[in-house]
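Chemist: Questions regarding the structure given below will be posed in turn.
The values are calculated or read from the model by the stated rules, or taken from the named source; none is laboratory data. Quick caveat, the model's predicted, so the values are computed rather than measured. Counting neighbours? That spans all protein chains shown, and the Cβs are built from the backbone with ideal geometry, glycine included. Heavy atoms of the whole protein, side chains included, go into the accessibility calculation; ligands, DNA and RNA do not. Shrake-Rupley method; radii C 1.70, N 1.55, O 1.52, S 1.80 Å.
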Amino acid sequence: MENLISLKEAYVYTGLARGLFNRHIRPEVPHFRFGRTVLFKKEDLDAFFIRLESNHSIPTPIYENDSLGG
């Protein structure tokens, strides 16, 4: 299944450091465990970050001196 990624791939996919991911993201996102292997669905990770954005729980980037209003 191409939408499943390993724990290490999830760090790269989200761009987060291992400790930050394991502390804050991993407990909140459904995942599958097969022995020592942990797998995530990309769509579950995407949905988690969409929920964060919609709740304004993460800061919105501020752009300066660009075409987006700076």
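Chemist: State the answer as a single residue: which of Ser54, Ala17, Pro30 lies farthest towards the positive end of the charge dipole of the stretch 1-57, with beta carbon charges of +1 for Lys and Arg and -1 for Asp and Glu, about the Cα centre.
Modeler: Ala17
Chemist: Could you please report the charge total around Val29, scoring K, R as +1 and D, E as -1 over all other residues with beta-carbon less than 11 angstrom from its beta-carbon?
Modeler: Here the count lands on 0.
Chemist: Would you mind counting up the charge near Lys8? Only other residues with Cβ under 15 Å from its Cβ, with Lys and Arg at +1 and Asp and Glu at -1.
Modeler: +4
Chemist: For Arg18, Arg36, give me the order by solvent-accessible area with a 1.4 Å probe, most accessible first, ignoring ligands, DNA and RNA.
Modeler: Final ranking, largest accessible area leading: Arg36, Arg18.
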